[in-house]
1. Which residue out of ASP188, ASP174, ASP128 is at pLDDT 95 or above and either farther than 21 Å from LEU221 by Cα or in contact with a Leu (Cβ under 8 Å, 6 or more places away or on another chain) (or both)?
2. Across segment 31-83, which residue is surrounded by the most Cβ atoms within 10 Å (Cβ to Cβ) among those that are hydroxyl-bearing (Ser, Thr, Tyr) and in contact with a helix residue (DSSP H, G or I) (Cβ under 6 Å, 6 or more places away or on another chain)?
3. Of all strands (runs of 3 or more DSSP E) completely enclosed by segment 185-242, which ones contain at least 2 residues that are under 19 Å from LEU138 (Cβ atoms)?
4. Of all the residues that make up segment 171-184, how many are under 18 Å from the mean Cα position of the chain (by Cα) and either outside any strand (DSSP E or B) or of a type outside the set (S, T, N, Q) (or both)?
5. Test LEU213 against the stated conditions and say whether it is buried (at least 21 other Cβ atoms within 10 Å of the Cβ), of a type in the set (A, V, I, L, M) and assigned by TED's automatic domain parsing to the domain that holds ASN143.
Amino acid sequence: MKYYIVDAFTKTNFKGNPAGVCIVDEFPDTTFMQNIAYENNLSETAFVVPRDGYFDLKWFTPELEIDLCGHATLASAYVVHHYVDPGLTEMKFHTLSGILNVAKKDDLFELNFPARIPEKIASFASIDEILGAAPIELYVTRNQVGTRYYAVLENEEQVAQFNPDFELIKGLSDSFGLVITAKGRDSDFVSRFFAPHAGVNEDPVTGSIHCTLIPYWAEKLGKNKLLARQLSKRGGVLYCENLVDRVSIGGHAVLYLKGNIQI
C-alpha cells in the first residue's frame, strides 16, 4: 500500500497538521482501515481510491471514521497532484460529505467545502470550569459523529494561553470536540480545537471547523475573504473565503514521508 505523510496548512515541515494518505485500489475492510489509522497515530489517515475522473476518499482518526476532514483532504490533493496523477490541478473527491472539489492554484490548494452554520446557545454544562473565564458567545453544530462546541473568547491571548483539561472536555455531552476562537491581531481570527473523544487531544490545524468559523467571522467582521491562524504548538495558516452555502479553505502543504505499508 503506497503511503505518504504530508504536513498540511504550512510551507515547512514540522509545522501545520500531518496527515497520512494511503493510496488503494479499493477500500479495505473498515476495521482494517481503522487499525491502520490507530497504528499511524496521526489525527487523520486518509484512504484514496482513484476512479475514472474522480477519487473516493475516507478519513479515520485513531479512534473512529469521520464525515469531513480538511487537512487530510488537502494532503490527499497534494499526493494526487504530485504522485497519483502528476500535474492534475482540478480534483473531485467523493466523500461522506458529498463531492468535495480541490483546485491547485500556484502553490495553494483551495478546498471547496460545505458551510456549517452553528446554533447559538446560552450555556452548556461545565463550560465555565473548562474555560476558566466566561465566553462572549457559545454555539454548537451537530452531525452523525457528535456535537462540536464553539466558544468565542475576548481576544487572541485568551485562546493562545488556554490550558485544556482533557478530562473535563471529554465530559461534554455527546461531544466530538471543543473549538475556542477570537478575533486575531495579525490575522482576521484565530482558533484551537480539542477532540479527546476522537483520540486527538489538540488537533494542530483543522479545516472542518472552519466550515463554521468562516461564515461566523465573515458576518462579524463584514468581509468574505479572511486570513485565519490555528494557534496550536505546530500552528497553521488558512486562506478563507465565505461563499454563503459553501466555504473556500486554502492552504499550502509539504511532503514529509513516502513509502509503503507492509501488510
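1. ASP188
2. Only one residue tops the list, namely THR45.
3. 189-195
4. Result for segment 171-184: 6.
5. Against the criterion (buried (at least 21 other Cβ atoms within 10 Å of the Cβ), of a type in the set (A, V, I, L, M) and assigned by TED's automatic domain parsing to the domain that holds ASN143), LEU213 qualifies.
The values are calculated or read from the model by the stated rules, or taken from the named source; none is laboratory data. Given the structure is predicted, the values throughout are model-derived calculations rather than measurements. Virtual Cβ from ideal backbone geometry, glycine too; neighbours counted across all protein chains shown.
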